[in-house]
């Protein structure tokens, strides 16, 4: 899985590099490529955040301890892990120490985990909302490697969706329709 994430990141970063390497000024009325990349990343994160929070809320309290096998995390542990990782990735981008590590190990109730995930996502909002064309290419250390800040935020999205895949399986096993399978998901709101 790590190889897949690294490969996807390399592909994304290569396309970002091509866009950033172009020195032609934008035509009148267009948004510079770099700003488009940051805005697109922020928009995708908004969808991911909504999917994660909806998943956390949909599962009943009594199923938060559910594990399909002893060798995997419980549903609640997955929610806690995702919250921890939000802090980890976004604090790296913000240049801060992670403010709330250990959610997966220290919280077990649905109410506490949903609240922790909401707080972690709000923390990440700062990283996505403050990303600019200039800061997107600044490098930070992630897993011992230099990586552009925009790349770190992309890894956060990939990691979140990887674990959403786990959450989907758990929800299906409990007869719950995952958010992305609900009728009308992804459709623009009706006016």
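The values are calculated or read from the model by the stated rules, or taken from the named source; none is laboratory data. Worth saying up front: this structure is predicted, and the values here are computed from it rather than measured. FYI the Cβ positions are ideal-geometry reconstructions off the backbone, even for glycines, and counts take in every protein chain you see.
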Among (1) farther than 20 Å from residue 39 by Cβ; (2) over 12 Å from the mean Cα position of the chain (by Cα), residue 164 falls short only on (2)
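Hey, among 140, 152, which residue is farther than 25 Å from residue 68 by Cα, surrounded by fewer than 19 Cβ atoms within 10 Å (Cβ to Cβ) and either at pLDDT 95 or above or touching a helix residue (DSSP H, G or I) at 6+ places or on another chain (Cβ under 6 Å) (or both)?
Values: 152 fails: surrounded by fewer than 19 Cβ atoms within 10 Å (Cβ to Cβ).
Answer to the check: 140.
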Restricting attention to the stretch 52-73, does a residue exist that is at pLDDT 95 or above, under 16 Å from residue 156 (Cα atoms), part of a loop (DSSP other than H, G, I, E, B) and out of contact with any helix residue (DSSP H, G or I) (no Cβ under 7 Å at 6 or more places or on another chain)?
-> no
Would a scan of the stretch 116-139 turn up a residue that is in contact (Cβ under 8 Å) with a residue 60 or more places away in the chain, closer than 27 Å to residue 181 by Cβ and touching a strand residue (DSSP E or B) at 6+ places or on another chain (Cβ under 8 Å)?
-> no
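Assess whether residue 113 counts as being touching a helix residue (DSSP H, G or I) at 6+ places or on another chain (Cβ under 9 Å), in contact (Cβ under 8 Å) with a residue 40 or more places away in the chain, under 17 Å from residue 74 (Cα atoms) and surrounded by 19 or more Cβ atoms within 10 Å (Cβ to Cβ). Write out each step before concluding.
On the way: touching a helix residue (DSSP H, G or I) at 6+ places or on another chain (Cβ under 9 Å): yes; in contact (Cβ under 8 Å) with a residue 40 or more places away in the chain: yes; under 17 Å from residue 74 (Cα atoms): yes; surrounded by 19 or more Cβ atoms within 10 Å (Cβ to Cβ): yes.
Yes, satisfied.
Among the listed residues 58, 49, which satisfies the condition of being touching a residue at least 40 places away in the same chain (Cβ under 8 Å), under 12 Å from the mean Cα position of the chain (by Cα) and buried (at least 16 other Cβ atoms within 10 Å of the Cβ)?
Working: 58 fails: under 12 Å from the mean Cα position of the chain (by Cα).
Being touching a residue at least 40 places away in the same chain (Cβ under 8 Å), under 12 Å from the mean Cα position of the chain (by Cα) and buried (at least 16 other Cβ atoms within 10 Å of the Cβ) holds for just one of 58, 49, which is 49.
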Residues of the stretch 170-185 being closer than 13 Å to residue 50 by Cα and in contact (Cβ under 8 Å) with a residue 60 or more places away in the chain, which ones?
-> 178, 179, 180
Taking the stretch 92-104, which residues are surrounded by fewer than 21 Cβ atoms within 10 Å (Cβ to Cβ) and either touching a helix residue (DSSP H, G or I) at 6+ places or on another chain (Cβ under 9 Å) or within 16 Å of residue 122 (Cα to Cα) (or both)?
-> 94, 96, 97, 98, 99, 100, 101, 102
